[in-house]
Amino acid sequence: MNTLQGAITTGMKTREIVARNLRKARNSRKLSQEQLGFLADVHRTYVGMIEREKYNPTVEMLEKLATALELEVTDFFKIDGDK
């Protein structure tokens with residue numbers, strides 16, 4: 001199942017998917033929002049707002065966060081079970 005089909009099937013919104021995957025990646029690396037913000041050169045509150053689905057991150061922001069977390073940008077769009 002590709003990412004888009006998974007989102008449609010589960011009824012999840014893209015913002016929710018990105019938020020969940022960002023939080024999951026940050027927590028798995030045992031980073032606080034403040035630490036991730038420092039690594040990505042963004043304010044810690046911005047990280048929190050993305051995780052709470054209050055902000056829509058730009059592609060540039062996703063690139064910064066992915067780099068800081070050592071991920072690919074596409075990892076933010078994966079549904080559980082995607083490879």
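The values are calculated or read from the model by the stated rules, or taken from the named source; none is laboratory data. Source: prediction; values computed, not measured. All Cβ positions, glycine included, derive from the backbone under ideal geometry; neighbour counts span all protein chains shown. When the accessible area is computed, the model is the full protein with side chains, heavy atoms only, and any ligands, DNA or RNA have been set aside. Shrake-Rupley method; radii C 1.70, N 1.55, O 1.52, S 1.80 Å.
Okay, here's what the table says:
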{"item": "Filter pass, M61 being more than 13 Å from A25 (Cβ to Cβ) and touching a Phe, Trp or Tyr at 6+ places or on another chain (Cβ under 6 Å)", "result": "no"}
{"item": "Spans of helices (runs of 4 or more DSSP H) in the stretch 1-68 with at least 1 residues within 20 Å of D80 (Cβ to Cβ), at pLDDT 95 or above and open to solvent by 70 Å² or more (accessible area, probe 1.4 Å)", "result": "14-28"}
